[in-house]
Amino acid sequence: MAERERSHTRPRGAVFVPRVQVMSADDVRRAITRMAHEIAERNRGLHEVVLVGLQTGGVGIARRLAETLADVEGADVPVGTLDVAFYRDDIGLRPVLPEAATDITTDLTGSTVVLVDDVLFTGRTIRAALNALGEYGRAQVVELAVMVDRGHRELPIRPDYVGKNLPTNREEMVDVSDEGVSLGELVSR
Amino acid sequence: MSGFPTHLLSMDDLDAAAIADVLLVTDSFAEVGRRANPKVPTLRGRTVATLFFEDSTRTRMSFETAAKRMSADVLSFAAGSSSVKKGESLRDTIETIQAIGMDAVIIRHSSSGVPARVAQWVDNCAVVNAGDGWHQHPTQALLDLYTVRQSLGGGQEGTEAFRGLRVTIVGDIRHSRVARSQITAYAALGAEVTLVAPATLLPPSLEGWPVASVSHDLDRVLERTDVISLLRLQAERGSGDYVPTMREYSTGYALTARRALQLPPEAIILHPGPMVRGVEIASEVAELPSARITDQVGNGVAVRMAVLFLLLGQGTLGGERHD
Amino acid sequence: MTDRNTPELVIRGGTVVDATGSRRADVRVSDGTVVELGEGLDVPAGATVLDAGGCVVAPGLVDLHTHLREPGREEAETVASGTRAAALGGFTAVVAMPNTDPPLDSAESVRNVYALAEDALAQVAVAGAITVGRAGERLAPMAELAALGVRLFTDDGDGVQSAGLMRRALQYATGLGVVLGQHCEDRSLAAGGSMHEGDWSSRLGLPGMPAEAEEVMVARDIALSRATGGRVHFLHLSTAGSIDLVRRARSEGVPVTAEVAPHHFTLTDACTSGFDPVFKVNPPLRPQEDVDAVKQALADGTADAIATDHAPHAPELKDLPFDQAPPGMLGLQTALALAVTELDLPLERILALLSWQPAAIAMLDRAHGGAQGGPVAEGSPANLVVIDPAATWTVDPVAFASRSRNTPYAGRNLTGQVRHTVRRGEPVVIDAEATR
């Protein structure tokens, strides 16, 4: 569950309490299939495409997109993972730890990078990801795929591939997993 | 995530959860270190000062590299430089540096307790102990832990591999800040620590120390050792007076080639450096694949980046909380 | 001695306590002497009245062990500031230690201190050095100093390391009728230590001074005292082992006396855990078992006196790293209250330990032709202290009269306060404030 841009620090030991399921497991599967097709259509040949999943919420989705592309297009699209903790613009304002080390083995120069994340919210994580990506070579094009766009953008960032557009209140939380997408709240224990 | 302390003065400041956080964050910084441009903007706009009253180019460079790789501004004050004259009071020096404005100060001093005192005098500034007298050298212990975790094949795992690990620390424990930090560090993660030293080189009291056993006979302990950590005889701290001769010390306590053969095949050898080849470690032993001394040095920068990140990047030092 | 025009004084409403016992009485003082005791005394015209309601009126306290620092370290303390602190602490006399610069090992240096103390708020007796320069090599001119009134000799700051020299000094001193005081510290055992060697020093990585560094010299000097018959007074004893040695020696009739300092019955070596040099002192703070032994010694008479070992140091020096900072704590203004607050002893016993017993050891009492230690009786010199045993106050080093601030008790609430101090009939402290 990667809700990095919450406006306040997650209280220790707080639990996500779902209120309503907005996508079922099947809905998620279909969205991944659709987005994979859209990626393939936009980037004919998929030769230069690299999927980069943001730690941790985007990694699973990136892998599933790669599997689908392999099945459907027979293409072997490389997958990398990216942790943006060190590039956040709110360092020193609140506690955050890197969730896992970045793992990008190919030089991204000249490639089409598709950043993959579970939830797009204020856009600050993507901005940090764009900065981080720069350390691995100069990508030709960077596109963005998200499972859920929940609105409330604070920066001029827009996704290229969206699983579902979901209007939300700022205080709500969106949880994305293979089992589905739910809307709920964080409750302190 | 546990709350990280405000200062890192001693390994006592970190519980097992905090240690685990350091090791985990170090993985990320190790990855940064492997890049062509090993730099992140994380501490841009922050100022880190190094205040080394005891000469140690290696450790100071390690800390300064760590700070620079995080885009921090680094102020370097070394003993013997005009800004750290003998006779200018430590307190005055700290006040001067604070007036310049610093977010963290990294201190090494030959007197135990100096970083602790400085922490009592500063405001809104994290103090990192880079070694104080015989007392503590926490980042050395942390990088040792990281090196061991690497060797155990830990990868992204937690610290469970340390539970029950048999760690033997050999040498001048009485005068060693590295030993004091290591003992606390390994024990915090559940390792079994054995101390091996001549009686005169053990501390006057081991009351309350989390040590499983003490031995004066290195040979007996070797086959029950997973990690052997060698300490240098601290001649500059007077340790030479505590043993009749260096030769007698080496005969009893040096890790010779013969002794290295008695270690279990998977055992690893650590040394905080600088090594005195021939005294506590045989030259050829230092070159064995099980000797991880170069790894230790290499890991130092990443571990220190992690420490600075956890001290300065957590919003726990004054300033506004982003609410 | 300046002829101060001291007014008549009446100390009214207090309970007089001295070595003879305690009784309700007002005290009238005239021309430096106690002239009348009784209930409901008349107040002569023009006389100053010191209110002593609810208070104890006792002979002024006598400190066997004070460092006045002058000459040589005036930035830390002077005879004037130190004696003011003494008077505020209820002391009408202090014995000044000889580790000044130059040390008090010559007639000239002793005369110099007497001159500085002429107008002081407390009497200053001088402890002369045992050896020249306190270097532990040759005997100082003890007879010359004794002729000037010096009765106690010590190399305090250091102990006399050579047994042979100590024995010779003892024999010589015995012939002169003076007493030798010993700061018991074997340098080869204590070498370089900055705190007690034990659990805490091991944990903190600080070099330590083991208990035996003190005890071997106590044992040695007891043997020398037994052999020569010479009197030895042990300064600031701090360990259970030392106390046991003295207890046994006394039971065998060996002529030794002992003092203890307040920090050794109120603080332990655990206090050094923050590396604050305000807790650095020599002998060092010890573990709880030793603190308990010191308290027991005060209760059972093994310790004859409480002496402050008042050791002022300029703030910059106490800001040095722990192992470099000089040892020592202020003591004059907190000693009485610490004894009242922390010792489970009746006030009479505490006064004995702080007043007439140290007066006797220093030979400043009436039996030796001195003016200290009481009793409070008609015709006796008016060196008095009025104490409120129930008053509580908070230690604030900034308010102290000392030039230095190195007290480990800052912020502590203590019980027992000096209200007035009278020196040679002159009220030098009135309502806890110095009159000059």
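Some observations on this one:
- Among the protein heavy atoms of segment A:25-171, carbon and sulfur supply 45% of the accessible surface, probe 1.4 Å, non-protein parts ignored.
- Under the combined filter of DSSP loop state and at most 13 neighbouring Cβ atoms within 10 Å, segment C:185-275 retains these GluC sites (Glu not before Pro): C:252.
- Accessible area, probe 1.4 Å, largest first, for residues C:201, A:24: A:24, C:201
- For the protein assembly as shown, the tally of Lys pairs with Cα-Cα distances below 19 Å comes to 4, considering only residues 8 or more apart or on different chains.
- Volume per residue for segment B:140-293 equals 98 cubic angstrom (convex hull of Cα atoms).
- Taken over the Cα atoms of segment C:322-436, the convex hull encloses 143 Å³ per residue.
- Looking at segment A:25-171, the DSSP beta bridges with both ends there are about 5 percent antiparallel.
- With a cut-off of 14 Å between beta carbons, the residues surrounding residue B:43 carry a summed charge of +2, where Lys and Arg count +1 and Asp and Glu -1.
- Peptide B:31-38 is shielded by partner chain Cβ atoms: per residue, an average of 3 of them sit within 10 Å of its Cβ.
- Environment charge at residue C:136 (Cβ cut-off 15 Å; Lys +1, Arg +1, Asp -1, Glu -1): -2
- Burial order of peptide ranges C:405-415, C:295-305, A:117-127, C:340-350 (average beta-carbon count within 10 Å, highest first): A:117-127, C:295-305, C:405-415, C:340-350
- Divide the volume of the convex hull around the Cα atoms of segment A:25-171 by the residue count and you get 113 Å³ per residue.
- Chain C, relative contact order [Cα under 8 Å, separation at least 6], %: 20
- Of every Cα-Cα pair in chain C, the percent that sits beyond 28 Å: 45
- Ranking A:78, A:169, A:119 by Cα position along the charge dipole of segment A:25-171, where only Lys, Arg, Asp and Glu carry charges on their C-beta atoms, puts A:169 farthest toward the positive end.
- Using C-alpha pairs below 8 Å separated by at least 6 residues, the relative contact order for chain A is 31 percent.
- Test item: A:97-104 mean partner chain Cβ contacts at 10 Å: 6
- Taking GluC sites (Glu not before Pro) in DSSP loop states with no more than 16 other Cβ atoms inside 10 Å as exposed sites, chain B has its longest site-free stretch at B:1-87.
- Counting Cβ atoms of other protein chains within 10 Å of each residue's Cβ and taking the mean over peptide B:110-122 gives 5.
- Only Cα pairs under 8 Å and 6+ residues apart enter the sum, and on that basis the relative contact order of segment C:124-271 stands at 18 percent.
- With viscosity 0.890 mPa s and temperature 25 °C, the Kirkwood radius over alpha carbon pairs of the protein assembly as shown converts through Stokes-Einstein to a diffusion coefficient of 75 µm²/s.
- Ellipticity estimate at 222 nm from DSSP helix runs (n ≥ 4, -39,500 (n - 2.57)) divided over the protein assembly as shown, nearest 500: -9000 deg cm²/dmol
- Quotient of C-alpha Rg and 2.2 N^0.38 Å, computed over segment C:189-337: 1.05
- Segment C:229-268 and segment C:19-59: distance between their alpha carbon centers, rounded to Å: 35
- Centre separation in Å (Cα based) which lies between segment B:211-235 and segment C:114-176: 53
The values are calculated or read from the model by the stated rules, or taken from the named source; none is laboratory data. The structure displayed is predicted, hence computed values, not measured ones. Neighbour counts are summed over all protein chains in view; Cβ atoms, including those assigned to glycine, are modelled from backbone coordinates with ideal geometry. Accessible surface is based on the protein model in full, side chains and every heavy atom, while ligands, DNA and RNA are left aside. Shrake-Rupley method; radii C 1.70, N 1.55, O 1.52, S 1.80 Å.
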